[in-house]
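Working notes, beginning with the structure itself.
Quick note: the coordinates plus some simple rules give every number you see, no bench work behind them. Everything numeric here is computed off the predicted structure, so don't read it as measured data. Positions of Cβ are generated from backbone atoms using ideal geometry, with glycine treated the same way; all protein chains shown enter the neighbour counts.
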Amino acid sequence: MKRMFISLFIILTLSIIGCASQPVPLTQNTRQSSEPKIGIITQKYIGDTLLLQGNIITYPAIEVLQEVKGVVGLRGNIVKGIYIATHTEGSDTFFLPDPNDTKMNNLIGIFFLVKTKKNEVKMAYRNTGAAGGIFKPTTLSPESYRMTEASIESPSNFQQTLIYTGKEGNIIKMTYREYSGNLARPAFTIDVSYDLNDSNIIAFREARLEIIEATNMLIKYKVIKNFN
């Protein structure tokens with residue numbers, strides 16, 4: 001989906017403005033998420049995630065905080081939402097609506113942002129109706145947006161989680177899940193249980209937790225080692 005997203009944007013942009021600069025796809029960033037920190041006493045409740053680790057693919061993004069009104073040729077206003085960077089042309093960076101935001105992508109027309117070499121952010125619009133080919137840039141006021149980062153659902157996004165599901169007697173129960181593209185994979189969802197009479201150190205794959213207290217409502221523990 002990411003490749004289609006970037007390819008569609010480049011084709012549309014070139015057909016609109018005919019830029020001489022060669023489009024360069026933006027390099028994605030990989031951020032490792034690991035929570036909680038090792039050695040810190042943590043308290044969670046039934047249904048909470050005790051342990052999380054994974055890689056998340058992120059992109060630079062712009063969050064539009066206010067509706068953008070008065071764009072010539074546009075039916076309605078630009079809604080608030082996230083625009084994700086797709087590529088650069090010279091010193092300018094181009095952003096498209098998050099492809100998972102159905103409200104934004106169901107609007108009439110194709111909308112994108114351009115961050116220029118002067119550090120301005122412009123809203124651009126192309127009419128998809130009979131007129132076609134209209135390019136209408138509108139400069140956004142600084143208070144109407146903020147720079148941020150965002151991720152797109154992708155198989156490259158991978159997370160491992162361990163969830164607390166309760167206690168019976170001295171047996172504590174947990175569920176292990178793997179997520180790919182923000183979706184749980186059924187084949188990698190496993191229920192596990194541990195007898196605290198045997199040990200207060202529990203293990204799943206490489207992960208190790210020290211259980212300090214556990215009831216049918218809450219659990220206190222320390223992470224000794226995460227999944228990797």
Counting other beta carbons within 10 Å of each Cβ, put ASP191, ASP98 in order, fewest first. ASP191, ASP98
Stretched fully, the stretch from ASN216 through GLU143 gains (0.36 nm per residue minus C-alpha distance, one decimal, in nm) 21.5 nm
Ascending count of other beta-carbon atoms within 10 Å, so fewest first, for TYR59, TYR221: TYR59, TYR221
Peptides 85-94, 41-50: what's the order by average Cβ count within 10 Å, highest mean first? 85-94, 41-50
Using the count of nearby Cβ atoms within 10 Å as a rough guide to exposure, how do PHE112, PHE158, PHE188 rank from fewest to most? PHE188, PHE158, PHE112
Amide H contacts under 5 Å for THR139, restricted to residues at least 5 apart in sequence or on another chain and with H modeled in the peptide plane, are MET123
